[in-house]
Every structure is written in structure tokens, then in C-alpha cells.
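Undergrad: Okay, handing you the structure first.
Please treat every number below as a calculation from the coordinates, not as lab data. Here the structure is a predicted model, which means the values were calculated and not measured. Quick reminder, even Gly has a Cβ in these numbers, built from the backbone with ideal geometry, and neighbours come from all protein chains shown.
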Amino acid sequence: MTVTEIKRFAPQKTISVPKSNVLRDNFARLTQGGRKPRHWQRRVPYGLVLLSLGLMMGLGPFERLPGGKVTGPVVGTPVDDWQFVEHAGRCALEVRPEYPHSVTVNCWHSQGRLFIGCMACEGKVWSSYISDNPAARVRISGSVYPVALQRVESEVEMLDAWSARWSHLKREPPLPQVPEGYWLYRVVSR
């Protein structure tokens, strides 16, 4: 037998290549329990994550996550006495009006004046926005108040506000010292 005769009688193997990406499909079968993921199954979790993040970031702060514009009915009349803050809990502060950035902050009053405190405030994004533009809005118990923030530099006013914060938290004496790096803002209605 010659070489050409051997080739003629040898069994022919045909290889069929599927139209899909073989490596991707095999990897998907290995990682997903033997089944190929459908197109919509791969994209739904990412879409839900992006949608929920977009909602949280655009509607004001959510606990420790910053947000965008605070929502609620706007109170247009200036406020002289902020004592109603006593039972409000925390406030949402919106700074940088041209492109709103909001955070959740501790707020309280002392003799009718509203204060917002900031622990280790140097270098925080929202405090830098206030130094550029003191115009802000604060949401208290669902209502939004246009305000301006002024950093308290007076040690006497700082100690008075710190004492009011301590009693607002219903903590027992003795009153601790104001922490290093603590900034205090006086809130004035505009």
C-alpha cells in the first residue's frame, strides 16, 4: 500500500465549532454549576446596584453616605428660635448650592441658637465647601431651612454650645473638654 492509499482508507474526523465563544461558555458552565448564564442574568445585579446608588446619592444623605439635594417642604420665613430642634435627632446639611452635596450631621440648640458640630473636620469635603460658600440648607424633621453657617472661633461660645450638646445627649456631668480638631458652626437663618 502506498501513502496515498492509506490516506484514502483512514477514518476522517470532522470537527464542528459552535458559533458561540467556546471558552466563555465552558468557563460559565464551570463557575455557574454547569449552566450557561442568560444575557439578562449577568446584567440585572449590576443594574440594581447602580439604580439604588443613584437614588441614594441624588436624594440627600443616607446615614453615613453623602447625598445630593435634600428634599422636603422649604420654610421661607426666617427662624429666630431653634428650640424645636430638641426632639429632631440628626439633621441633613446641604452645602454647595450650585451642585448640592449633603451629609448627616449632629445638630442641637443652645438658648434658641442652632449649632452643627464636626469631629475631625479639617479636610472633610463638606467643611471645605462651607469655607468657600457659607450658604446652605438644613433639613430638620422633614422641613428644609435656607441657612448660612459661621464657624465659631470664640472659646466661650464653643464651651457654651459644647455644654448644651452634652445636656442634649442627656449625659451625666462632668463635662469633658472639647476634643482636639472639633469644629463648631453657628447656623443662621437667611
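Undergrad: Give the shape of the stretch 83-189 as rounded, prolate or oblate, defined through the alpha-carbon gyration tensor: a ≥ b ≥ c are the square roots of its eigenvalues, a/c under 1.5 means rounded, and otherwise the shape is prolate if a/b is larger than b/c and oblate if not. Could you put the intermediate results ahead of the total?
TA: Details: a/c = 1.93, a/b = 1.34, b/c = 1.44.
Judged from the Cα gyration tensor, the stretch 83-189 comes out oblate (a/c at least 1.5, b/c at or above a/b).
Undergrad: Could you put 119, 158 in order, starting from the residue whose Cβ has the fewest other Cβ atoms within 10 Å?
TA: Lowest count first: 119, 158.
Undergrad: Continuing with the same structure: What FRET efficiency do you get for residue 77 and residue 133 if R0 is 25 Å and r is their Cβ-Cβ distance, rounded to the nearest 0.05? Could you put the intermediate results ahead of the total?
TA: Details: r = 23 Å, r/R0 = 0.91.
Rounded to the nearest 0.05, the efficiency is 0.65.
Undergrad: Among 137, 96, which comes first, then next, by fewest other beta-carbon atoms within 10 Å?
TA: Ascending number of Cβ neighbours within 10 Å: 96, 137.
Undergrad: Kindly write out, for the stretch 121-134 in residue order, the coupling ³J(HN,Hα) from the Karplus curve 6.51 cos²θ - 1.76 cosθ + 1.60 (θ = phi - 60°), rounded to whole Hz, with x marking Gly and Pro.
TA: 7, 4, x, 6, 4, 5, 5, 5, 5, 5, 5, 7, 8, x
Undergrad: Then there's this: When only DSSP loop residues count, what GluC sites (Glu not before Pro) in the stretch 96-190 have their Cβ near at most 15 other Cβ atoms within 10 Å?
TA: Values: sites: 98, 122, 153, 155, 157, 180; in loops: 98, 122, 153, 180.
Filter output for the stretch 96-190: 98, 122, 153, 180.
Undergrad: Determine the gain in length on full extension of the stretch residue 125-residue 177; use 0.36 nm per residue of separation and subtract their C-alpha separation, reporting nm with one decimal.
TA: Taking residue 125 through residue 177 to full extension adds about 16.2 nm, to one decimal.
Undergrad: Sticking with this one: Which far-off residues, 5 or more places away or on another chain, put their amide H under 5 Å from the one on residue 110, with H placed in the peptide plane?
TA: Here the answer is 115, since their amide H atoms fall under 5 Å of that of residue 110.
Undergrad: ³J(HN,Hα) across the stretch 157-170 via Karplus (A = 6.51, B = -1.76, C = 1.60, θ = phi - 60°), whole Hz, x for Gly/Pro?
TA: 5, 4, 5, 4, 5, 5, 5, 5, 5, 4, 6, 4, 7, 6
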